[in-house]
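Below is one structure, written out as structure tokens, with a few remarks after it.
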Amino acid sequence: MATVHEMDHPLIKHKLALMRDKTTGVKEFREAAAEIAMLMCYEATRDLPLKEITIETPVAEARVQVISGKKIALVPILRAGLGMVEGILEMIPAAKVGHIGLYRNPETLQPIEYYCKLPNDIEDRDVLLLDPMLATGGSAIAAIDGLKRRGVKHIKLMNLIGAPEGVAAVQKAHPDVEIFVAGIDEKLNDHGYIVPGLGDAGDRIFGTK
């Protein structure tokens, strides 16, 4: 079963509360999404391998540890996932960025991939898959399926808000994918929205509603 990491940091809780507030404006909402993603990045990259090198400080020679060349790719699910990219790039500026676009078939309600552009060496990279909301889990599962078809072996899913139903669905479909989430809410309502949630993340990030 996939490991779920629910963030318990006071700064994350505070910024998530701001995002939930319906009176929060587009600018503040967008900034909070990027900042939470940045803070979550610390935990999601905790297992990056290190190597020891020798450097010269202004005082003496020192043996220090640096990341040992691990290659990272950020893959937001369009469009809302774009709101998480900037914050993580602040922490990992050398990461490459790909994009996956999905829409829901109105008859089957299943997610359909309409766009995918990934780094040429994606199969050699650890992927952080980004989407603010993990509701039913359908989009996340479809995106993970697509990444695996393209040779990706190491995937971590990062969400701002998750519903128990969505978390369980991803765990069942992809037990090898770790899930990092800023908060797990109560449930999905009859329309498939997370309760209490924070509304449509894409609309609130881009000001389209």
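The values are calculated or read from the model by the stated rules, or taken from the named source; none is laboratory data. These numbers were taken from a predicted model, which means no experiment stands behind them. Positions of Cβ are generated from backbone atoms using ideal geometry, with glycine treated the same way; all protein chains shown enter the neighbour counts. Side chains included, ligands, DNA and RNA excluded: accessible areas come from the protein's heavy atoms. Shrake-Rupley method; radii C 1.70, N 1.55, O 1.52, S 1.80 Å.
Below is a table of values for the structure above.
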read-out: Kyte-Doolittle at least 1.0, axis length at least 20 Å by Cα - qualifying DSSP helices, the chain; value: none
read-out: Max mean-square fluctuation residue, GNM over the chain, Cα-Cα springs under 10 Å, options VAL127, VAL59, VAL167; value: VAL59
read-out: Cα centre as origin, Lys/Arg/Asp/Glu Cβ charges: region 72-155 dipole, Debye; value: 140 debye
read-out: Within a Gaussian network of the chain (alpha carbon springs, distance under 10 Å), most fluctuating of GLU35, GLU107, GLU56; value: GLU56
read-out: Convex hull of Cα atoms in region 2-100, direction-averaged projection (nm²); value: 9.1 nm²
read-out: Positive dipole terminus of region 33-102, leading residue within CYS41, ALA73, MET91 (C-beta point charges); value: ALA73
read-out: Diffusion constant of region 68-157 at 10 °C, which comes from Stokes-Einstein with the Kirkwood Cα-pair radius and 1.306 mPa s, µm²/s; value: 120 µm²/s
read-out: Accessible carbon and sulfur surface of the chain relative to its total accessible area, %, 1.4 Å; value: 53 percent
read-out: Rounded to the nearest 20 debye, dipole of region 82-209 from Cβ charges on Lys, Arg, Asp, Glu; value: 240 debye
read-out: Pairwise centroid distance, computed over Cα atoms, of region 41-105 with region 133-168, Å; value: 19 Å
read-out: Using alpha carbons only: equivalent-ellipsoid semi-axes of the chain, gyration tensor based, whole Å; value: 30, 21, 16
read-out: Long pairs among LYS51/LYS153; LYS117/LYS187; LYS187/LYS209; LYS13/LYS148, criterion Cα-Cα beyond 27 Å; value: LYS117/LYS187; LYS13/LYS148
read-out: Per-residue SASA entry for HIS154, accessible area with 1.4 Å probe, Å² rounded to 10; value: 110 Å²
